[in-house]
Amino acid sequence: MPVRSEYQQGEFCWVDLMAHDMAAAKEFYGKLFGWAVFDADTRGGPPYAMFLNDGGMVAGLGETPAEMRSAGAPPTWNSYIAVDDVQATTARAADLDGTVAMPPMQILSAGSMAVLQDPTGAFVFLWQKDEHAGAQRIGDPGTVCWNELATRDIAKARAFYGGLVGWEFAPHEGTPTEYSIIKVADRDGGGLMQMNEMWGDMPSHWMVYFAVEDIDASCEQLKQLGGTVHMPPFAISVGRIAVVADPQGAVFSLIQLAGE
């Protein structure tokens, strides 16, 4: 795919991993996806690194603060939505029954971010760009290709995100539970899935999907690198997916796409 240099309101633009051990995460994902990595200059702030695929930025890497680790916070992949005005969007969240987990803050010259918890319990990040628009490569093997909300209340989630960033939704058939495709300017922008009793007591959450060329080989390699395959590859309408975790426990999905 061409290098991306901009994202419009409502598009997913970035993902990053908050790891317990940055050095170990660099090694694992470098071997799994062939990513290169460089450390960002945070000018004395918390450490942060950028993962690159074929020279283009694809994801970020930070370190979970010690107080959060001691409180039991797991390593987590986070999804970021591009917004034109992070202050106004964050202010809207409260009117839509969302919670502001972290108010807007400037990240040096890169842009501004905020963290929200939607009314169904899932955490999502907002991003207003300055110098950093987001991922430069998406959709190809070794890059992000989908962001999906597993939610306890899909109707409530649709109302929240539709009011927050203007998403529209289209139903998707052939799934075990209700599924909605996110539409941003008539393009597919992600999905919402209704959780059922099969999910146990797992809370609502956003899942990040990475495309791979051979999902069986990728799962085997992941296990050899110390990762865990929670759900072995299985077929869906657009290809084959697997739910996995890195050696530190951060959960994500792999997908081998059947076509475009």
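The values are calculated or read from the model by the stated rules, or taken from the named source; none is laboratory data. Note that this is a predicted model, so its numbers are computed, not measured. FYI the Cβ positions are ideal-geometry reconstructions off the backbone, even for glycines, and counts take in every protein chain you see. Accessible surface areas use protein heavy atoms only, side chains included; no ligands, DNA or RNA. Shrake-Rupley method; radii C 1.70, N 1.55, O 1.52, S 1.80 Å.
Key figures
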quantity	calculated
Region 110-131, residues that are outside any loop (DSSP other than H, G, I, E, B) and surrounded by fewer than 18 Cβ atoms within 10 Å (Cβ to Cβ)	Gln117
All positions within region 168-182 that are within 17 Å of the chain's Cα centre (by Cα) and under 17 Å from Ala82 (Cβ atoms)	Ile182
Residue match in region 238-245 (condition: surrounded by 15 or more Cβ atoms within 10 Å (Cβ to Cβ), at pLDDT 95 or above and more than 17 Å from Pro176 (Cβ to Cβ))	yes
Test result for Asp16, of a type in the set (Asp, Glu) and part of a strand (DSSP E or B)	yes
Subset tally (residues that are among the hydroxyl-bearing types (Ser, Thr, Tyr) and open to solvent by 40 Å² or more (accessible area, probe 1.4 Å)) for region 86-109	2
Hey, Ala155 open to solvent by 30 Å² or more (accessible area, probe 1.4 Å), at pLDDT 95 or above and not hydroxyl-bearing (Ser, Thr, Tyr) or not	yes
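A quick yes/no check of all residues on (1) touching a residue at least 40 places away in the same chain (Cβ under 8 Å); (2) surrounded by 13 or more Cβ atoms within 10 Å (Cβ to Cβ); (3) in a helix (DSSP H, G or I):
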site	(1), (2), (3)
Ala24	yes, yes, yes
Lys31	yes, yes, yes
Leu52	no, yes, no
Gly60	yes, yes, no
Arg69	yes, yes, yes
Trp77	yes, yes, no
Asp84	yes, no, no
